[in-house]
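The values are calculated or read from the model by the stated rules, or taken from the named source; none is laboratory data. On a predicted model such as this, the values are computed, not experimentally measured, just so you know. Neighbour counts run over all protein chains shown; Cβ positions are idealised from the backbone, glycine included. Just so you know, the surface numbers come from the protein's heavy atoms only, side chains and all, with ligands and any DNA or RNA stripped out. Shrake-Rupley method; radii C 1.70, N 1.55, O 1.52, S 1.80 Å.
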Amino acid sequence: MLINPKRARGNPDAERPAFDARLPDFVRGPGQAECRKRLSQLSVAIAGVGSVGLAGVDRLSRMGIAALLCADPARFKPASILTHPIVVPSNLDPPKACFGARHAARINPQMDVRYVIGKLEDVSLSVLRKYELMKVATDNLDSVLVLGRQARRLSIPLIREAVEGQTLTAQVAIYSNSSETSPCPVCGFGTWEWASIGKDKRFSCAGGETQSARELTMSIPSHCSLAADLGVQQTVKFVLGLGKPVADTMLSYFGYTNELSVAQLRQNPNCPCDHRAYTQVIVPDKLGKLTMADILNASG
């Protein structure tokens, strides 16, 4: 785990087109110049640089966003080539987070690209709060729980992308974290989910346990990239305010029936998570010189 995320660098001297060269004039959105400016300012932290996350890293990098943080504790294995957009891994291949960051930096050397060989939830809140969006592309339920809480505390929108291979289902859920009444990922946890918290289990996007954390992703590569592409599409709509609002919704694609559905996400009144956000307070001196009474008075 790298407490201070490392910087990945590309080749700034390579000849490249402008990253907004093929951005369209979005219908019913702000002006084209405003759209391009908004996307060029976007910063995203991604948890999970695997079958879904690595494809998302690629798409976001090609849109010319401002900053990207890749976090993943795992390394590639031989079976990764079946679902990841990579060549055959070898002993010389870097961890997934490092590979994803280097790939992004090669595409866009002007972007601030950093990586953490570890879990995003272990990164300090002072680092996470620098990013405007948090993407979760991991099927580890414990990570979803912790990241959902952290995003809520920092009032950072969280976008979760998931697949279930046997039903050809891809889902993208957007949690706006805009108020104390906004839903969080834990609001949708059921009995099975809570029973396996702390056991490092994976769950299908439809709900219910499907595989242990040490088993392989059971999906086809196009299905994984579809979830990533739907996630990027929803991200663009969310950030630019295009079309029907997508905040606090779950988009689901069902491959067997070729159906799309959008469900509104709502807060569970029985959710055990604290939905209040942190508030930053300026104190009159260095913390080491203040008493607990001083800190309490400053915080109100």
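Could you state the accessible area per residue of the chain in Å², with a 1.4 Å probe and every protein chain left in place? Provide the component values of the computation, followed by the final result.
Numbers: 15580 Å² over 300 residues.
Per residue, the chain has an accessible area of 52 Å².
When the accessible area of the chain is split by element with a 1.4 Å probe, what percent falls to carbon and sulfur?
On the way: 8150 of 15580 Å².
Using a 1.4 Å probe with all protein chains present, the chain comes out at 52 percent carbon and sulfur.
Most mobile of Thr191, Thr83, Thr167 per a Gaussian network model of the chain (Cα springs, under 10 Å)?
In this elastic network of the chain, the residue with the biggest mean-square fluctuation among Thr191, Thr83, Thr167 is Thr191.
With an 8 Å cut-off on Cα pairs and a minimum separation of 6 or more residues, tell me the relative contact order of region 34-156 in percent. Each step should come with its number before you reach the end.
On the way: 212 pairs, mean separation 39.6, N = 123.
Reported relative contact order: 32 percent.
Comparing Val239, Val281, Val113, which has the greatest mean-square fluctuation in the GNM of the chain with Cα pairs linked when under 10 Å apart?
Greatest mean-square fluctuation among the candidates belongs to Val281.
Please work out how much accessible surface Arg129 shows to a 1.4 Å probe, ignoring ligands, DNA and RNA, in Å² rounded to 10.
130 Å²
How do Asp139, Asp248 stack up against each other in accessible area, from largest to smallest, with a 1.4 angstrom probe? Show your work: numbers first, answer last.
Values: Asp139 50, Asp248 20 Å².
Result, largest first: Asp139, Asp248.
For the chain, which span is the longest to avoid every loop-located (per DSSP) member of GluC sites (Glu not before Pro) having at most 12 other Cβ atoms inside 10 Å?
Values: sites that count: Glu15, Glu180, Glu215.
Looking at the chain, 16-179 is the longest stretch - no exposed GluC sites (Glu not before Pro) with at most 12 other Cβ atoms within 10 Å.
According to the Cα gyration tensor, what semi-axes, each the square root of 5 times an eigenvalue, does the equivalent ellipsoid of the chain have, listed from largest to smallest in whole Å?
Working: eigenvalues 162, 126, 98 Å².
Ellipsoid half-lengths, sorted descending, are 28, 25, 22 Å.
How much accessible area does Lys289 have with a 1.4 Å probe, in Å² rounded to the nearest 10?
Rounded to the nearest 10, the figure is 140 Å².
From the Cα gyration tensor of region 7-165, with a ≥ b ≥ c the square roots of its eigenvalues, which class applies: rounded if a/c is under 1.5, or else prolate if a/b is larger than b/c, or else oblate?
oblate
Before rounding to the nearest 500, sum -39500 (n - 2.57) across all DSSP H runs of length at least 4 in the chain and divide by the residue total; then give [θ] at 222 nm in deg cm²/dmol.
Calculated mean residue ellipticity at 222 nm is -8000 deg cm²/dmol.
Inverting the mean 1/r over all pairs of different Cα atoms, compute the Kirkwood radius of region 240-300 and quote it in Å.
Evaluated over region 240-300, this radius sits at 16.7 Å.
Which whole-number percent gives the relative contact order of the chain, counting Cα pairs below 8 Å spaced six or more residues apart?
Worked out over the chain, it gives 19 percent.
Past 31 Å, Cα to Cα, is the threshold; run Lys77/Lys237; Lys130/Lys289; Lys130/Lys244; Lys37/Lys244; Lys6/Lys286 against it and keep the listed order.
Over 31 Å Cα-Cα: Lys77/Lys237.
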